[in-house]
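Worksheet for the structure shown next.
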Amino acid sequence: MDLLIKGGTVVTAKASFKADVAVKNGKISAIGTNLKPGKKTEVVDAKGKMILPGAIDGHTHLAMPFGGTIATDDYHTGTRAAACGGTTTVFDFVLQGVGEPMDAALARRDAICKEQGPAIDYSYHIGVGDVTTPEMLASMDECVKQGITSFKVFMVYDFGVDDGQFYETLQHAAKIGALVGVHAENKHVNDSLIKKCLAEGKTEAWWHYVTKNEDVAGEACVRAVNLAKMAGASLYIVHLDNEQGVKAVADARAEGYPIFAETCPQYLSLTKDVYKNGIPENGLRARDFVCSPPMKGKASQDALWNGIKTGAVSTLATDHCPFLQSEKDWGITKKDGTPGNFTTIPNGCAGIENMYPYILSEANKGRISFEKAVEISATNPAKLFGIDYCKGAIEVGLDADIVIYDPKKKFVVKNAENQHGALDHTVWENVEFKGYPVATYSRGKLVFDGKDYVGQAGDGQFVKCKKVKFKSPEF
């Protein structure tokens, strides 16, 4: 064996137990008690610590063009930050252009990723931008052949799909063994509310929330679930943020439909109140929290936590898409110097380094179990996206994507001191975590030593996804 992690507590989605974990050639080769190292085996003492599977962040936007700029973190800096927070696989979005076959969009984006040097393993979802012809819809098939089996439609934005196109995409995905995710917001009501607010001179960040409120999101979640039922397809609601949506998912699952939902740490930890005054003591203005969808009220936050506990919410991801504070200022004055408003603020917040530490900290405080934290952060994403053959658990034969977690370590987020992305601010500033990763291994190689990133650009490898066909809400 190459590596032996001794004396820790292994945590899976189902149980926790004392064990040693052995690694050979980048794979977990044995799990047991009193495993004996070889002469050249590196031995790591994990006594008093937990041995966890690396997290899988199923929702990132790295180096993404948006609103006249590009997301601050690229495929290297973003994945480097992920590794330092215990995430060992990320899924990024390939955004299809109008008239561009989806497999061509994939090739275009993958070339950028490889050039920038990802620090950990990665895969993609395809952001559907054009299914107006049979040829564009059929290009989904080519992506599946290349190991991309998940697609995302938008019910909002100018590049979003209408209900008919959404329905056809769901039907086609069901035929080819693919999963469709959805950004669920009511475009027409959102547009109407924006028009009304701007006409009344309401331009501050608070109105970003008002125009994308609980009803705007909830109605679309209900409609998306109904469309999936009509199409006879599975559905994955991304960045779920509202009480009505949680209920729609829970009800559909109770009826036996394969409906799944993801939420994000920002919706579990923050509410719409941040759009009033920000958090001045952390150096954060209201506009720094602008992301889509925005954080909602306390009732929705409580519903999300309950959804995690009951299984209505299957996964945790970040929607990581950070921008500089100077770019967030475009809500005051646009890039060209003309007056801005809440619609001109680049949408997105950081979270890729904070997701796993946050949910593990909440588990450490007793809010959920450590097993549930592992389930939603690693095991379920691996199953949903067709990579459970190599990722998502501490299990013999899987990749040695391993996090050693110290439940006694106190950690306070300080962007300038201990964060590893290309950020000038984070919405997690001064947040204190109870417990923190002290080592991250990617396929058996140490990439985070508890303080610094110690891997290399280009360490990450593309992970092919298998076809997924869900006939029930069980994986």
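Numbers at a glance
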item: Residue match in segment 339-352 (condition: under 19 Å from the mean Cα position of the chain (by Cα), under 30 Å from PHE66 (Cα atoms) and not in a loop (DSSP other than H, G, I, E, B)); result: yes
item: Residue match in segment 345-363 (condition: of a type in the set (Ser, Thr, Tyr), at pLDDT 95 or above, buried (at least 22 other Cβ atoms within 10 Å of the Cβ) and closer than 26 Å to VAL144 by Cα); result: no
item: All positions within segment 18-35 that are over 28 Å from the mean Cα position of the chain (by Cα) and of a type in the set (A, V, I, L, M, F, W, C); result: ALA19, ALA22, ALA30, ILE31, LEU35
item: Residue under evaluation ARG253, criteria (1) at positive phi; (2) touching a strand residue (DSSP E or B) at 6+ places or on another chain (Cβ under 8 Å); (3) open to solvent by 10 Å² or more (accessible area, probe 1.4 Å), criterion not met; result: (1)
item: Enumerated helices (runs of 4 or more DSSP H) restricted to segment 137-243, each holding at least 2 residues that are open to solvent by 20 Å² or more (accessible area, probe 1.4 Å), at pLDDT below 95 and farther than 27 Å from SER377 by Cα; result: none
item: Odd one out for ALA138, checked against (1) small (Gly, Ala, Ser); (2) free of Cβ contacts under 8 Å to residues at least 40 places away in the same chain; (3) in contact with a strand residue (DSSP E or B) (Cβ under 7 Å, 6 or more places away or on another chain); result: (3)
item: Members of segment 313-351 that are touching a Pro at 6+ places or on another chain (Cβ under 9 Å) and of a type in the set (A, V, I, L, M); result: LEU316, ALA317, LEU324, ILE332, ALA350
item: ASP406 within 22 Å of ASP319 (Cα to Cα) and among the charged types (D, E, K, R); result: no
item: Hits in segment 369-398 (condition: out of contact with any Ser or Thr (no Cβ under 8 Å at 6 or more places or on another chain) and hydroxyl-bearing (Ser, Thr, Tyr)); result: SER369, TYR389
item: Of residues in segment 279-338 being assigned to a strand (DSSP E or B) and among the β-branched types (Val, Ile, Thr), the one nearest to ALA350 (Cα to Cα); result: ILE279
item: Residue in segment 146-163 that is under 30 Å from THR343 (Cα atoms), acidic (Asp, Glu) and in contact (Cβ under 8 Å) with a residue 40 or more places away in the chain present; result: yes
item: Breaking point among (1) open to solvent by less than 20 Å² (accessible area, probe 1.4 Å); (2) more than 21 Å from LEU423 (Cα to Cα), for GLY117; result: (2)
item: Residue that is touching a helix residue (DSSP H, G or I) at 6+ places or on another chain (Cβ under 7 Å) and farther than 27 Å from GLY348 by Cβ, where the choices are LYS14, LYS39; result: LYS14
item: Candidates LYS272, LYS335, LYS298 - the one that is among the charged types (D, E, K, R), at pLDDT below 95 and open to solvent by 20 Å² or more (accessible area, probe 1.4 Å); result: LYS335
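The values are calculated or read from the model by the stated rules, or taken from the named source; none is laboratory data. Worth saying up front: this structure is predicted, and the values here are computed from it rather than measured. Don't worry about glycine lacking a Cβ; one is built from the backbone with ideal geometry, like all the others, and counts go over all protein chains shown. The protein model used for the area step is the full one, side chains on, heavy atoms only, and it has no ligands, DNA or RNA in it. Shrake-Rupley method; radii C 1.70, N 1.55, O 1.52, S 1.80 Å.
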